[in-house]
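Every read-out reported here was derived from the displayed coordinates using simple, explicitly stated rules and does not represent laboratory data. Just so it is clear, the model here is predicted, and its values are computed rather than measured. So basically every Cβ, Gly included, is an ideal-geometry build from the backbone, and we count neighbours across all protein chains shown.
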Amino acid sequence: MLTKDLMEQVIAKNPGEKEFHQAVSEVLESLEPVLKKRPEYLEAKVLERIDEPERQVMFRVPWTDDKGVIHVNRGYRIEFNSAIGPYKGGLRLHPSVNLGILKFLGFEQIFKNSLTGLPMGGGKGGADFDPKGKSNAEVMRFCQSFMSELYRHIGPNTDVPAGDIGVGGREIGYFFGQYKKLTNRFESVLTGKGINWGGSLIRPQATGFGCTYFCEEMLKTKKLDFKGKTVAISGSGNVAQYAVQKVTQLGGKVVTLSDSDGTIYDPKGIDAKKWEFIMDLKNVKRGRIVDYSEKFKCDFWKGQRPWKVKCDIALPCATQNELDKNDAKMLIDNGVIAVAEGANMPSTPEAVELFIKNGVLFGPGKAANAGGVATSGLEMCQNHIGLSWSAEEVDHQLHQIMVNIHKNAADAAKKYGSPGNYVVGANIAGFVKVADAMLDQGVV
Ligand code: NDP
Ligand code: 2IT
């Protein structure tokens with residue numbers, strides 16, 4: 001293997017960052033056939049450069065809770081690669097956040113953003129702050145403190161953050177307000193903004209809708225669709241919510257959702273009325289998914305994930321490594337046809353290998369969940385031209401982008417000898433565009 005030594009170097013240089021190693025290892029493995037055809041990438045040390053963030057910022061985030069107690073969190077922004085555009089990627093607020101997790105996410109973002117066809121580089125950031133159980137005022141003070149440092153590193157042509165786990169419309173509002181106060185500039189420095197102050201219609205829906213569109217394209221290759229299919233979804237946040245809505249609109253029946261406490265199993269399916277309940281529960285009351293099982297009298301599997309359920313399609317939409325080898329085996333034994341990742345790297349490498357070996361249509365996150373950042377790119381575009389497009393227009397563009405990503409990944413997989421393998425296809429198609437830009441721009 002041409003990349004074996006390099007992988008050893010990455011592990012030695014980034015000790016303990018296991019999610020980062022996992023993400024790099026998968027990409028390097030996929031690139032082997034490209035490196036044989038294009039040795040100039042090796043000569044120009046493109047791989048050594050693409051694995052090393054251009055810049056990483058780590059900073060103190062002190063804030064005061066409602067009782068007057070002072071807390072200190074750690075904030076980060078990884079500005080990973082700007083070869084094809086300004087750094088672009090979400091901010092994650094979750095107690096598990098550390099450097100390795102954000103580097104894995106920033107690294108994935110490089111290839112994902114390239115796949116969208118829009119001019120966006122890769123970045124990611126966040127903090128080890130837990131928004132659960134905090135008042136709005138506490139979240140606001142945290143966000144203001146976070147932005148009091150971040151503002152000097154970002155800008156509409158430099159780095160444009162957005163949401164991720166724990167960051168939705170509320171947090172983007174607080175971040176934006178503080179950025180504007182500190183700089184005295186109203187500019188396109190964040191995406192996922194409110195629609196009455198520069199946000200794009202369909203951005204909240206975009207990741208879940210896009211993941212469903214990508215899955216639809218994979219199903220089409222087998223002359224299948226969502227009609228009458230039983231679908232298991234994990235998570236119950238932004239991505240999961242809109243995946244439920246789109247799958248249901250396309251005729252599928254969603255029977256599970258989850259959060260970190262467990263899974264609800266509703267064999268009758270989550271219809272539009274139940275969906276409204278979830279939207280209020282999660283986005284307004286900020287409650288737990290167990291309340292759904294009490295309200296609609298269905299099972300709650302405490303501390304368990306959805307994957308033991310019999311389903312045709314699985315959409316993991318919660319977090320990394322939430323679907324392992326045993327879960328993959330249960331899904332395959334139960335006849336799963338397609339798995340599309342709404343989350344970033346939710347399937348472990350062993351699970352991915354099993355899916356591919358068993359002929360399951362498998363859409364990796366960097367392709368299947370690219371609709372979110374793609375629509376962020378459309379939000380930036382609307383901000384730059386000073387116009388807002390209708391929901392139909394944005395949804396149409398999102399759909400077309402997902403169709404294109406599917407086609408480009410499928411074509412690259414075929415061209416490089418792994419037909420039907422969207423992991424290989426997405427990694428290669430995403431990489432080549434960035435690597436060529438890096439060659440053009442010299443050793444920087
Ligand atoms: P949200 O914060 O809205 O929702 C996250 C959901 O995942 C919640 O239900 C949460 O449960 C669950 N979850 C988070 N961490 C864990 C964990 N360690 N174990 C079990 N459950 C967990 O985030 P999003 O929906 O925005 O993000 C979900 C995934 O999609 C992430 O992987 C994110 O990186 C990815 N993604 C998001 C995009 C976006 O536009 N928002 C775009 C592309 C990818 P609980 O409330 O109990 O923590
Ligand atoms: O993982 C992701 O692609 C996101 N969290 C969305 C990033 C963005 O800039 O919209």
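Given the criteria among the aliphatic types (A, V, I, L, M), without any contact (Cβ under 8 Å) to a residue 60 or more places away in the chain and surrounded by fewer than 24 Cβ atoms within 10 Å (Cβ to Cβ), does Val97 qualify?
In short, no.
Quick check: anything in region 397-407 surrounded by 21 or more Cβ atoms within 10 Å (Cβ to Cβ), away from ligand 2 (no atom under 16 Å from the Cβ) and touching a residue at least 12 places away in the same chain (Cβ under 8 Å)?
Yes, because at least one residue in region 397-407 is surrounded by 21 or more Cβ atoms within 10 Å (Cβ to Cβ), away from ligand 2 (no atom under 16 Å from the Cβ) and touching a residue at least 12 places away in the same chain (Cβ under 8 Å).
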Within region 242-250, identify whether any single residue is part of a helix (DSSP H, G or I) and either within 16 Å of ligand 2 (Cβ to nearest atom) or in contact with a Cys (Cβ under 7 Å, 6 or more places away or on another chain) (or both), and answer yes or no. yes
For region 111-126, how many residues meet the condition of being outside any helix (DSSP H, G or I), on the phi < 0 side of the Ramachandran plot and in contact with a Phe, Trp or Tyr (Cβ under 9 Å, 6 or more places away or on another chain)? 6
For region 1-110, list the helices (runs of 4 or more DSSP H) that sit wholly inside it and hold at least 1 residues that are within 22 Å of Ser347 (Cα to Cα); which are they? 4-13, 18-37
For region 114-138, name all the residues that are within 13 Å of ligand 2 (Cβ to nearest atom), crowded, with 24+ Cβ neighbours inside 10 Å and of a type in the set (A, V, I, L, M, F, W, C). Leu115, Met120
Taking only region 187-201 into account, find how many residues are more than 12 Å from ligand 2 (Cβ to nearest atom) and on the phi > 0 side of the Ramachandran plot. 1
Filtering region 154-205 down to residues that are more than 16 Å from ligand 1 (Cβ to nearest atom), farther than 26 Å from Asp130 by Cβ and not in a loop (DSSP other than H, G, I, E, B) yields Gly155, Lys180, Thr183, Asn196, Trp197
How many of the residues making up region 64-93 are surrounded by fewer than 23 Cβ atoms within 10 Å (Cβ to Cβ) and more than 21 Å from Asn113 (Cα to Cα)? 11
Test Arg288 against the criterion of being over 25 Å from Pro161 (Cβ atoms), out of contact with any helix residue (DSSP H, G or I) (no Cβ under 6 Å at 6 or more places or on another chain) and in contact (Cβ under 8 Å) with a residue 60 or more places away in the chain, and give yes or no. no
Subset of region 421-444 [free of Cβ contacts under 8 Å to residues at least 60 places away in the same chain and more than 25 Å from Thr375 (Cα to Cα)]: Asp440, Gly442, Val444
Quick one: in region 355-411, which of the residues that are of a type in the set (Ser, Thr, Tyr) and in contact with a Gly (Cβ under 8 Å, 6 or more places away or on another chain) is farthest from Cys311 (Cα to Cα)? Ser376
